[in-house]
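The values are calculated or read from the model by the stated rules, or taken from the named source; none is laboratory data. Since this is a predicted model, take the numbers as computed values, not measurements. Reconstructed Cβ throughout: ideal geometry from the backbone, glycine too, with neighbour counts over all protein chains shown. Just so you know, the surface numbers come from the protein's heavy atoms only, side chains and all, with ligands and any DNA or RNA stripped out. Shrake-Rupley method; radii C 1.70, N 1.55, O 1.52, S 1.80 Å.
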Amino acid sequence: MSKLYITGRKRLGGGVRLQGAKNSALPLLAATVLARGESVLYNCPLLSDTEASLRILRWLGCKAQRSDGTVLVKNDGITRHDIPDALMRQTRGSIMFLGAVLARQGRARLSLPGGCAIGQRPIDLHLKALRRLGAVIKERRGILDCRAPHGLRGADITLPFPSVGATEDIILAACTASGVTTVTNAAREPEISDLADYLNRCGARIRGAGESVIVIDGVRELHGCAHAVIPDRIVAATLIACAAVTGSAITLKGVIHSHLAAVLPVFEDAGCVFAARENELKITAPERLRSMRIVRTMPYPGFPTDAQAPLLAAAAVADGTTVLIENIFENRYRHAAELARMGADVKTEGKFAVVEGVPRLYGAAVEAADLRGAAALVAAGLCAEGKTELGGVRYLDRGYESFEQVLSALGADVKRV
Ligand code: UD1
């Protein structure tokens with residue numbers, strides 16, 4: 001079990017290129033099941049989650065190889081419709097294979113997905129939508145047996161909540177269904193648009209991705225294509241938090257500015273200054289952050305739930321009181337108790353966190369319990385006095401590519417042991 005050892009209070013500087021977005025790469029890898037021939041994904045981050053998706057692709061009968069950031073998937077027809085529990089559990093993104101395999105094979109048999117324990121994370125919206133598309137789904141003891149022997153057919157689907165995963169699963173299932181599918185109250189996250197861009201390049205006909213109503217005209221077949229994964233806006237938000245807590249100036253490269261529109265004003269509120277140039281973003285942080293106005297996590301284009309944990313680490317050392325409201329997941333403050341071990345003053349109750357900023361955090365032995373919570377503890381360790389020993393690094397590795405190397409290149413003292 002590796003650990004990260006962070007010696008805090010080093011000023012960061014210089015520039016770093018953003019990795020590709022995990023939450024885009026996972027549905028994109030599942031989507032390659034639908035596309036005959038070769039698909040090339042550039043800027044595909046090397047993460048335990050993406051490697052788990054590659055293992056699923058190989059199990060299904062595709063050839064999947066990685067060379068640095070480029071993944072090549074050769075799909076000459078998948079040979080299976082089942083995915084073993086041990087593979088499903090390795091990542092939350094495995095649930096995207098449900099829509100893709102069902103559409104491709106007319107059948108899918110798999111268990112419930114893994115992923116971080118940040119709430120109940122049911123998949124009822126996925127299943128309800130797939131049933132609307134004509135799937136017959138039996139659930140027994142955590143195993144889903146889904147059939148569409150006569151193929152899926154387009155339908156009007158209204159989501160009660162703009163679920164990212166459900167929207168992606170519907171798109172994957174619907175793009176080769178017969179007829180037209182309309183998704184109302186669809187998720188609008190950039191990762192949805194990235195998935196639609198790839199599929200459209202493969203021959204799909206998807207309109208409105210990135211908006212609340214998505215219309216999918218079913219086509220007979222898809223063919224592989226080359227596609228570059230969008231930059232990871234959550235890694236960008238995390239690095240901004242790392243610069244913010246250490247009073248540093250750093251430059252992020254390969255940024256899509258519009259994806260950060262809800263994040264930057266919150267850090268500006270805390271006294272950070274941003275300079276945007278083409279696809280670069282320079283952040284200059286003050287010596288001491290100020291507390292922020294109430295921050296509410298919301299579906300995109302609101303403030304992302306995935307950036308809440310790193311932001312909380314910043315609020316922990318800001319001057320004044322910050323209130324956070326987590327509206328997306330029920331159990332997403334587990335980092336708060338660990339931050340308290342480092343001297344943070346955070347009270348949580350249900351969806352609320354009240355953070356009384358302290359002038360300084362102190363290094364301690366802390367344990368991450370989920371991906372973004374791990375990132376928050378890294379940010380805290382960077383500004384803490386003394387040494388932080390972070391356990392649960394496997395969570396960090398789900399979403400941050402060689403994070404200790406990225407931070408070391410910026411001047412931090414972070415070692416993996
Ligand atoms: C995705 C992201 C995750 C991010 C989240 C919200 C991936 C691999 N993960 O997760 O990093 O935090 O979007 O931006 O892309 N819900 C239901 N029933 C369902 C589906 C969802 O009740 O069938 C609820 C969830 O429990 C949660 C909320 O809807 O409370 C949002 O979930 P969703 O948008 O689906 O998130 P994920 O796709 O799991």
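So here's what we get for this one:
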| read-out | value |
| --- | --- |
| HN-Hα J in Hz across the range 155-163 - Karplus 6.51, -1.76, 1.60, θ = phi - 60°, x for Gly and Pro | 7, 8, 10, 10, 7, x, 9, x, 5 |
| Rh by Kirkwood over Cα pairs, then Stokes-Einstein D for the range 228-323 at 1.567 mPa s and 4 °C, µm²/s | 98 µm²/s |
| Cα-centre dipole for the chain with unit charges at Cβ (Lys and Arg positive, Asp and Glu negative), debye to 20 | 820 debye |
| Inter-part distance where the range 260-275 and the range 304-366 are each reduced to a Cα centre, Å | 18 Å |
| Percent of alpha-carbon pairs separated by more than 40 Å within the chain | 17 percent |
| Using θ = phi - 60° and Karplus 6.51 cos²θ - 1.76 cosθ + 1.60, couplings along the range 292-302 (whole Hz; Gly, Pro as x) | 10, 5, 3, 10, 10, 7, 8, x, 4, x, x |
| Neighbourhood net charge (15 Å Cβ-Cβ; Lys/Arg +1, Asp/Glu -1) for G218 | +3 |
| Cα-based shape type of the range 129-181, given that a ≥ b ≥ c are square roots of the gyration tensor eigenvalues and the cut on a/c is 1.5 | oblate |
| Net charge over other residues, Cβ less than 15 angstrom from the Cβ of A204 (K, R count +1; D, E count -1) | 0 |
| Paramagnetic reach from E51 (point 7 Å along Cα→Cβ, amide N under 18 Å) across the range 375-408 | 392-406 |
| The range 337-388, Cα convex hull volume normalised per residue, Å³ | 70 Å³ |
| Under 5 Å, built H, 5+ apart or other chain: amide partners of R36 | L222, H223, G224 |
| Gain upon complete extension [S67, V273; 0.36 nm per residue less C-alpha separation] | 70.4 nm |
| Whether the range 173-226 is rounded, prolate or oblate, judged on the alpha carbon gyration tensor where a/c under 1.5 counts as rounded | oblate |
| Burial order of peptide ranges 250-263, 277-290, 167-180, 298-311 (average beta-carbon count within 10 Å, highest first) | 167-180, 298-311, 250-263, 277-290 |
| Heavy-atom accessible surface of the chain: percent carbon and sulfur, 1.4 Å | 49 percent |
| Degrees separating the helix 233-245 axis from the principal Cα axis of the chain, which is the longest one | 10 degrees |
| Degrees separating the helix 96-105 axis from the principal Cα axis of the chain, which is the longest one | 10 degrees |
| Vicinal HN-Hα couplings computed from phi for the range 68-81 (Karplus, 6.51 cos²θ - 1.76 cosθ + 1.60; Hz; Gly/Pro x) | 6, x, 9, 10, 10, 10, 9, 10, 9, x, 7, 10, 9, 10 |
| Other-chain or far-sequence residues with amide H under 5 Å of V317's (modelled H) | V358 |
| Residue-averaged [θ]222 nm for the chain, counting only DSSP H segments that reach four residues, each worth -39500 (n - 2.57) | -9000 deg cm²/dmol |
| Approximate spin-label separation H150-R201, in nm, with each point projected 7 Å along Cα-to-Cβ | 3.7 nm |
| Rg followed by Dmax, in Å, when the range 108-202 is reduced to its Cα trace | 13.5, 38 |
| Stretchable slack from T284 to V417, in nm (0.36 nm times residue separation minus alpha-carbon distance) | 44.8 nm |
| Label-to-label distance, nm, for residues given as D76 and A409 (7 Å Cα→Cβ offset) | 3.7 nm |
| Order by protection proxy (mean Cβ within 10 Å, highest first), peptides 202-208, 40-46 | 40-46, 202-208 |
| Under 5 Å, built H, 5+ apart or other chain: amide partners of R296 | I325 |
